[in-house]
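The values are calculated or read from the model by the stated rules, or taken from the named source; none is laboratory data. Please read these numbers as outputs of a predicted model, since none were measured by experiment. Positions of Cβ are backbone-derived with ideal geometry, glycine not excepted, and every protein chain shown enters the neighbour counts.
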């Protein structure tokens, strides 16, 4: 897979000039401190921040990356949510319209692996369990393999858990710290998820809702329905981003 971001000096083809990129929404979920934000930064910016340079995600955060695949441009809107329970009130808007879900645990923290079932239950609650939602591409990722000496969850356990789901989930292990092809390569985490989404046109040919539900609840602290605090103190409108505007975010 060719991951190429748009460049000011690049000369787009005629098709690229006349056709905007197709937006794909991918969620990164899992318990706090498993490395969700680190995976996101590694894939979009080829960056890794040490623990003393990072802080827990507040509300939701997202990154956008435009790639080229099958002679077409795809705009990946990748969402990272806080793992803490106090931010779980935003989940219905967060899950709505997602084509792919990456569920992350820490191979050195067994409790994060044991919490996977509750995250899957949440996904089924807010994304639904009907035929359409079953098409959503799903992957379980064991992060922090650079700490192999501290491993508490075996690779076989992770594989078995992913295979036991209905439908089965894809499974990979990686290190956001080391990066490499397991994260950013053609057959890496995001590459496999994107490939499977593209191979399922029904996931991205549907018309996204244009307005936020009037019944959407406000996040604590105020703000209009469908808007939640972003990491840098601003607000993020989940429904607008789901529709794939032309803007870029470097939250």
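Results, tabulated for the structure shown:
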read-out: Among (1) modelled with pLDDT of 90 or more; (2) under 16 Å from residue 44 (Cβ atoms), the one test that residue 173 misses; value: (2)
read-out: Among (1) modelled with pLDDT under 70; (2) assigned to a loop (DSSP other than H, G, I, E, B) - the single one residue 33 does not satisfy; value: (1)
read-out: Residues of segment 85-131 classified as within 30 Å of residue 177 (Cβ to Cβ), surrounded by fewer than 14 Cβ atoms within 10 Å (Cβ to Cβ) and at pLDDT below 75, total; value: 3
read-out: Where a residue in segment 164-191 is without any contact (Cβ under 8 Å) to a residue 12 or more places away in the chain and at negative phi and its partner, wherever it lies, is part of a loop (DSSP other than H, G, I, E, B) and loosely packed, with under 15 Cβ neighbours inside 10 Å, with Cβ under 9 Å and at least six apart; value: 181/187
read-out: Number of positions in segment 93-135 that are in contact with a strand residue (DSSP E or B) (Cβ under 6 Å, 6 or more places away or on another chain) and assigned to a loop (DSSP other than H, G, I, E, B); value: 4
read-out: Every residue from segment 132-158 that is more than 27 Å from residue 201 (Cβ to Cβ) and either under 20 Å from the mean Cα position of the chain (by Cα) or surrounded by 16 or more Cβ atoms within 10 Å (Cβ to Cβ) (or both); value: 142, 143, 144, 145, 151, 153, 158
